Amino acid sequence: MSTATDTSPTGARLDALRTEGRAALVGYLPVGFPDVERSIEAVLAMVDAGVDVVEIGVPYTDPVMDGPVIQRAAEAALAGGARVRDVLRVVEAVAERSGGRVPALVMTYWNPVLRYGVDAFARDLSGAGGAGLITPDLIPDEGADWIAASREHDLDRVFLVAPSSTPERLALTARASRGFVYAASTMGVTGTRDQVGDRAEQLVADTRAAGAEHVCVGLGVSSGDQAAEVGRFADGVIVGSALVRPLLTDRPWADRLDGLRSTVAELADGVRRSRRAVPGAAS
Amino acid sequence: MPEQPVREALTETLAHQVLGRLADVEGPYFGQFGGRFVPEALIAALDELETEYRKALGDPAFTDELARLHREYTGRPSPLTEVPRFAEHCGGADAGHRVFLKREDLNHTGSHKINNVLGQALLVKRMGKTRVIAETGAGQHGVATATAAALLDLECVVYMGEEDTRRQALNVARMRLLGAEVVPVTIGSRTLKDAINEALRDWVANVESTHYLLGTVTGPHPFPEMVREFHRIIGEEAREQILERTGRLPDAVAACVGGGSNALGIFNAFLDDEGVTLHGFEAGGEGIESGRHAARFSGGAPGVLHGARSYLLQDDDGQTLPSHSVSAGLDYPSVGPAHSWLHDLGRATYEPVTDDEAMEAFRLLCRTEGIIPAIESAHALAGAQRLGREAAEAGRTGQVILVNLSGRGDKDVATAATWFGLLDEQDTTEQATAPEGDQ
C-alpha cells in the first residue's frame with residue numbers, strides 16, 4: 001500500500017463519512033452537456049443538493065463502458081464543441097464552491113489523456129484543485145505512466161474491479177488504486193437498473209479482503225432505496241445515468257435542474273438511511 | 001507496480017523482438033503498440049482466451065480439425081492466379097512484370113475472413129461458450145461469422161452500423177438467412193467503429209456465455225496475435241505457391257489494410273525474407289488533403305482505440321475522427337498494432353489509394369481477367385499498379401508482384417454499378433442508392 005494513500009482527499013472524505021456511520025454519495029455528470037456553462041451549473045447544483053464526491057465525465061467519441069443515457073449526453077456535448085480542457089473549469093468551480101470539502105474526480109477514457117499528455121494532464125488537474133482520475137478503460141497493468149504522474153502530482157487513482165475479477169487482479173487493483181476502488185456492481189455498462197447486482201456485496205467484501213481501504217459501488221443505482229441498500233456495505237454509492245436523465249429532457253433548463261436536485265436529494269437521503277449496524281467498521 | 005516509464009520498457013521489448021523472428025512475435029505488445037486498454041470486466045475473459053488459444057494451437061485435435069475445415073469446407077489451399085493482361089497495366093507491357101493474385105476471394109463466403117472465423121469458432125466450442133457476437137463493416141466478417149455459427153450450432157448476433165446495413169443490404173440478408181440476428185447500430189457515426197463499440201458493450205454484459213469473435217488484427221491482446229495466427233496460412237500457402245511457380249520469392253507483396261488481417265496474413269510469411277518488400281494500401285478516400293479518408297499512417301498519430309495502442313485518426317483532444325472510404329471494409333479509423341509496429345520498424349510501407357484509383361483498378365481487373373474483386377482488394381490492385389510503375393521508372397523490369405485478392409466483389413456490384421453509371425435510369429433509384437452517402 002502506498003503511503004500516499006493517507007493523504008488522499010477522497011479517502012479522507014470517505015473516512016469522515018464512515019465515522020458519521022454512512023456511505024458517500026458520489027455523483028457523476030459529464031462536462032459540456034448541454035453546454036459548458038450549464039454543465040458547471042448542473043454540477044454545482046448537485047454539490048449544493050448533497051453529493052459528497054463529484055465525478056466529472058470527459059465526453060468521448062467511443063465510450064464503451066457507457067449505456068445509452070450517458071452516450072447521448074456525451075454525443076451532444078461533443079456536438080456542442082466541448083473540449084477536454086473544459087473539465088478543468090468544472091473542477092475549479094467545484095473546488096471553489098465547496099471550499100475543497102467536496103473532492104472532484106475526473107472520469108475519462110484513456111485516449112483523451114494520452115493525447116493531452118499524461119503528465120501535463122495530471123499537472124493541470126492538480127493545479128485546478130482536482131482530486132484524481134477514474135479510468136474505465138485503463139487497467140493498472142497499462143497504467144505505469146499514469147501511476148508515476150499521479151504520484152508526482154499527488155492525485156487519486158481510481159481503477160475498477162468487476163464481478164469477473166480474479167483474486168489476483170483484485171489485489172493488483174487494490175494496490176494500484178488511491179482514494180477508492182470502483183466496484184462495478186454487475187457485468188455491464190452504465191445505466192439505471194431495477195436491481196443492483198447481488199454480486200456487488202460479495203465483490204466489495206472480496207475487494208476489501210484483497211487490501212482495498214475504500215470501495216465504492218457503481219452501475220445501476222438510481223433510487224434512494226437502492227442507495228440505502230448499497231450504502232449498507234460500500235463506502236460510497238456512485239450514481240451517473242440517473243442524474244444525467246433529468247437533464248436530457250426538453251423541459252426548460254430551470255426545471256431540469258430542479259429534477260436533478262430532487263434526484264440528488266432522494267439519493268442523499270438514501271445514503272443517510274444506510275447507517276451501518278456497526279458504525280466505523282470497514283466490513 | 002512498475003516504476004519504470006512505459007516507453008523504456010517498450011523499447012526493451014522492441015529490441016528483444018527484433019532479435020527474434022518477426023513472424024513469431026507474441027503480444028501483448030508489438031513494439032510500443034498493442035496492449036489491453038479495455039474495462040477490467042473483460043480481462044478475465046481475455047486471459048481465458050489467451051490460455052485456450054495457446055493450448056489449442058499445440059493440440060492436434062484442434063489443428064487437425066481446423067485443417068480439415070480449411071480443406072473440405074473453405075476449399076483451401078486457395079489458388080494462385082497469374083494475371084498477365086492486368087500486369088500490362090502495372091508499369092506497361094515493356095516492364096515485363098509478373099503479377100500473381102492470392103485468391104482468397106475463392107474461399108467459401110467469399111473472402112479471407114473465414115480463416116479466422118473458423119479458428120475462433122472452434123475455440124468457442126472448446127471454451128464451452130454458446131453465443132458469439134461480431135462486428136461487421138462491409139458484411140464479409142459478419143457473413144463468415146454467421147456461417148461458422150450455423151455450422152457449429154452457436155447463437156450469433158452481428159452488430160453493424162446503420163449506415164453500413166444500408167450500403168450492404170445484401171449481406172444483411174445473407175446473415176439473416178444463415179440464422180444470425182443483425183443489430184443495426186444507430187449511435188455515433190453508424191459505421192464499423194460504432195459497431196465495435198456496441199459489440200464491446202454486449203461482451204462486457206454477457207462475457208460468461210459469449211465470445212466476441214473479433215474480425216481483424218485489432219483489439220486487446222490476444223486478438224491481434226491470435227487473428228494473425230489464424231490468417232498466417234494465406235502467406236504460407238502463397239510463399240510455397242510462388243516458389244513453385246517462379247522458382248523464387250516475389251519482389252513485392254501488396255495488400256489492402258483496413259484493420260489489417262488479410263495484409264498481416266500474407267505479409268507474415270515474408271517478414272523475415274529481407275529481399276521481399278511489403279506494401280500495405282489504406283483507403284485514401286477522396287484524398288488525404290480532403291480530410292475524407294481512412295489513411296491512418298498518412299493522417300493519424302499513435303493513440304488508443306478499441307483496446308489497442310496503434311496509429312489512429314484523432315483530433316487534438318484525442319477524439320476519434322470519422323473515416324471515409326468507398327469501401328466499407330477499409331472504413332476504420334485505427335489499424336492493427338502489428339502494422340503500426342512494422343511501419344515504425346520500416347519493414348512494411350503504407351500508402352493511401354484513393355477511391356478513384358481503387359475503382360479504376362476494380363474495373364481493370366474485371367475487364368482484363370474476368371475477376372470481380374472486392375473494392376477493398378481493389379485498393380491492393382491499384383497499389384500493385386503503382387509498384388509496377390515505380391519499378392519501371394527506376395529501371396527495374398521483370399518484377400514479381402504478389403497481391404492478396406482478399407475478397408470477391410459480388411457484394412459491391414450495386415456500388416460499382418452506380419459509380420460507373422451502368423444501370424438504366426429507372427433502376428438507378430431502386431437498386432443503386434447504397435453508395436451515395438459515401439461518395
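The values are calculated or read from the model by the stated rules, or taken from the named source; none is laboratory data. Quick caveat, the model's predicted, so the values are computed rather than measured. Virtual Cβ from ideal backbone geometry, glycine too; neighbours counted across all protein chains shown. Note: areas computed on protein heavy atoms with side chains; ligands, DNA, RNA excluded. Shrake-Rupley method; radii C 1.70, N 1.55, O 1.52, S 1.80 Å.
Below, the figures for the structure above:
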item: Qualifying residue in region B:308-329 (condition: within 14 Å of the chain's Cα centre (by Cα) and at positive phi); result: no
item: Scope region A:116-161; condition more than 22 Å from residue B:41 (Cβ to Cβ), of a type outside the set (Ser, Thr, Tyr), open to solvent by 10 Å² or more (accessible area, probe 1.4 Å) and in a helix (DSSP H, G or I); matching residues; result: A:118, A:119, A:120, A:123, A:124, A:127, A:145, A:148, A:151, A:152
item: Any hit, region B:117-124, residues being farther than 29 Å from residue B:184 by Cβ and over 21 Å from the mean Cα position of the chain (by Cα); result: no
item: Residue satisfying condition, being crowded, with 16+ Cβ neighbours inside 10 Å, out of contact with any Lys or Arg (no Cβ under 8 Å at 6 or more places or on another chain) and in the same structural domain as residue B:286 (by TED's automatic domain parsing), within set B:370, B:383; result: B:383
item: Residues being touching an Asp or Glu at 6+ places or on another chain (Cβ under 7 Å), at the interface with chain A (Cβ under 7 Å from one of its Cβ atoms) and not polar (S, T, N, Q) - total across region B:194-213; result: 0
item: Filtered residues of region A:201-231 (kept if over 24 Å from residue A:167 (Cα atoms) and assigned to a helix (DSSP H, G or I)); result: A:224, A:225, A:226, A:227, A:228, A:229
item: Given (1) buried (at least 24 other Cβ atoms within 10 Å of the Cβ); (2) in contact with a strand residue (DSSP E or B) (Cβ under 6 Å, 6 or more places away or on another chain); (3) farther than 22 Å from residue A:11 by Cα; (4) not small (Gly, Ala, Ser), index of the condition residue A:53 fails; result: (3)
item: Residue among A:272, A:245, A:261 that alone is open to solvent by 10 Å² or more (accessible area, probe 1.4 Å) and either closer than 18 Å to residue A:15 by Cα or modelled with pLDDT under 95 (or both); result: A:272
item: Single residue of region B:125-150 satisfying the filter (among the small types (Gly, Ala, Ser) and closer than 13 Å to residue B:111 by Cα) that is modelled with the lowest pLDDT; result: B:138
item: Listing of helices (runs of 4 or more DSSP H) fully contained in region A:1-101 that carry 2 or more residues being under 30 Å from residue B:313 (Cα atoms), without any contact (Cβ under 8 Å) to a residue 40 or more places away in the chain and not acidic (Asp, Glu); result: A:68-79
item: Pairs where the first residue, in region A:121-136, is more than 14 Å from chain B (Cβ to nearest Cβ) and the second is basic (Lys, Arg) and surrounded by fewer than 24 Cβ atoms within 10 Å (Cβ to Cβ), C-beta under 9 Å, 6+ apart; result: A:128/A:89; A:131/A:13
item: Residues satisfying the stated conditions in region B:163-211, i.e. surrounded by fewer than 20 Cβ atoms within 10 Å (Cβ to Cβ), part of a helix (DSSP H, G or I) and modelled with pLDDT under 90; result: B:166, B:169, B:170
item: Residue match in region A:34-48 (condition: under 30 Å from residue B:195 (Cβ atoms) and open to solvent by 10 Å² or more (accessible area, probe 1.4 Å)); result: yes
item: Region B:288-316 residues that are within 14 Å of another protein chain (Cβ to nearest Cβ) and assigned to a loop (DSSP other than H, G, I, E, B), paired with ones that are open to solvent by 50 Å² or more (accessible area, probe 1.4 Å) and among the aliphatic types (A, V, I, L, M) (beta carbon under 8 Å, 6 or more apart); result: B:313/B:321; B:315/B:321
item: Unmet requirement for residue B:245, which otherwise passes all of (1) more than 22 Å from residue B:109 (Cβ to Cβ); (2) surrounded by 24 or more Cβ atoms within 10 Å (Cβ to Cβ); (3) more than 14 Å from every other protein chain (Cβ to nearest Cβ); result: (2)
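Listed here are the residues, each with its yes/no results for (1) outside any helix (DSSP H, G or I); (2) crowded, with 20+ Cβ neighbours inside 10 Å; (3) in contact (Cβ under 8 Å) with a residue 60 or more places away in the chain.
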position: B:26; (1), (2), (3): yes, no, yes
position: B:34; (1), (2), (3): yes, yes, yes
position: B:42; (1), (2), (3): no, yes, yes
position: B:47; (1), (2), (3): no, no, no
position: B:65; (1), (2), (3): no, no, no
position: B:70; (1), (2), (3): no, yes, yes
position: B:78; (1), (2), (3): yes, yes, yes
position: B:85; (1), (2), (3): no, no, yes
position: B:90; (1), (2), (3): yes, yes, yes
